[in-house]
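The values are calculated or read from the model by the stated rules, or taken from the named source; none is laboratory data. Keep in mind it's a predicted model, so treat the numbers as computed, not measured. In this analysis, Cβ positions are derived from the backbone assuming ideal geometry, glycine residues included, and neighbour counts consider all displayed protein chains. Side chains are part of the model used for accessible areas, which takes the heavy atoms of the whole protein and leaves out ligands, DNA and RNA. Shrake-Rupley method; radii C 1.70, N 1.55, O 1.52, S 1.80 Å.
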Amino acid sequence: GLSNSEVALASALWSAKEIGVEIDHISLAEYFTEGKGMQNQQELDQKLREADGIIISTPVYFGDRGSLAQSFITYLRNNKDLLEAIKHKVYAGISVGAKRNGGQETTLIYQLIDMINIGFLGVGNDSETTSQYGGTGLAGDIGTMSEDDYGLQTAMGTGRRVARVATMMSNAGQSS
């Protein structure tokens, strides 16, 4: 089955696809492995270079992101060539915690600051929900994210926002 963070991400990707953008999914666990270090670096770099935007979905750990998201951010910071290629791409985050106000927004803010400092254009949620920093899911137990209608709506709003902004930026780049 999917983790709670993956359920939230699937909702975001579905809503982006509904707008008509092409989506792809990668699992950071396929690239950042405990004990083995970085795997398939060239494949990850290529996918990031081709993407117009990215969404990272992470569990909340004491008000901050999970280790996979942190490994990804550290990897980006230390890869100068890739940093140049991904500058100004659209970024948004989704976080899933055990309580409704269990650190989701703090997690999103920390990650948003990191991604903006790397060079991404950070966006939050769309205007249909009030979670302005991104998707905020509630899932106390494994497999319960699918029961959080509000969290799913914020995740879908995040997917729509990334899709719309990336499309506008792509269209603007084609006309100049």
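Side notes on the structure shown:
- Test: residue in the stretch 145-160 that is hydrophobic (A, V, I, L, M, F, W, C) and modelled with pLDDT under 95: no
- Those residues of the stretch 9-52 which are β-branched (Val, Ile, Thr) and touching a Leu at 6+ places or on another chain (Cβ under 8 Å), in sequence order: ILE23, ILE26
- Members of the stretch 100-132 found to be charged (D, E, K, R) and open to solvent by 30 Å² or more (accessible area, probe 1.4 Å), listed by number: ARG100, GLU105, GLU128
- Restricting the stretch 153-165 to residues that are buried (at least 23 other Cβ atoms within 10 Å of the Cβ) and hydrophobic (A, V, I, L, M, F, W, C), the residue that is nearest to THR136 (Cα to Cα): ALA155
- Here the stretch 10-37 is the region considered, the condition is being out of contact with any helix residue (DSSP H, G or I) (no Cβ under 7 Å at 6 or more places or on another chain) and open to solvent by less than 70 Å² (accessible area, probe 1.4 Å), and the residue that is farthest from ALA163 (Cα to Cα) is GLY37.
- For THR136, the test of being surrounded by 21 or more Cβ atoms within 10 Å (Cβ to Cβ), touching a Leu at 6+ places or on another chain (Cβ under 8 Å), free of Cβ contacts under 8 Å to residues at least 60 places away in the same chain and of a type in the set (Val, Ile, Thr) is passed.
- Test: GLY97 is open to solvent by less than 20 Å² (accessible area, probe 1.4 Å) and within 30 Å of GLY35 (Cβ to Cβ): yes
- Qualifying positions in the stretch 70-88 - β-branched (Val, Ile, Thr) and open to solvent by 40 Å² or more (accessible area, probe 1.4 Å): THR74
- Close contacts from the stretch 97-112, counting a first residue that is closer than 18 Å to ILE142 by Cβ and a second that is in a helix (DSSP H, G or I), with Cβ to Cβ under 6 Å and a gap of 6+ residues or different chains, come to GLY97/GLN104.
- Test for LYS36: is it free of Cβ contacts under 8 Å to residues at least 40 places away in the same chain and either in contact with a strand residue (DSSP E or B) (Cβ under 6 Å, 6 or more places away or on another chain) or among the basic types (Lys, Arg) (or both): yes
- Against the numbered list (1) open to solvent by 30 Å² or more (accessible area, probe 1.4 Å); (2) touching a residue at least 40 places away in the same chain (Cβ under 8 Å), GLY53 comes up short only at (1).
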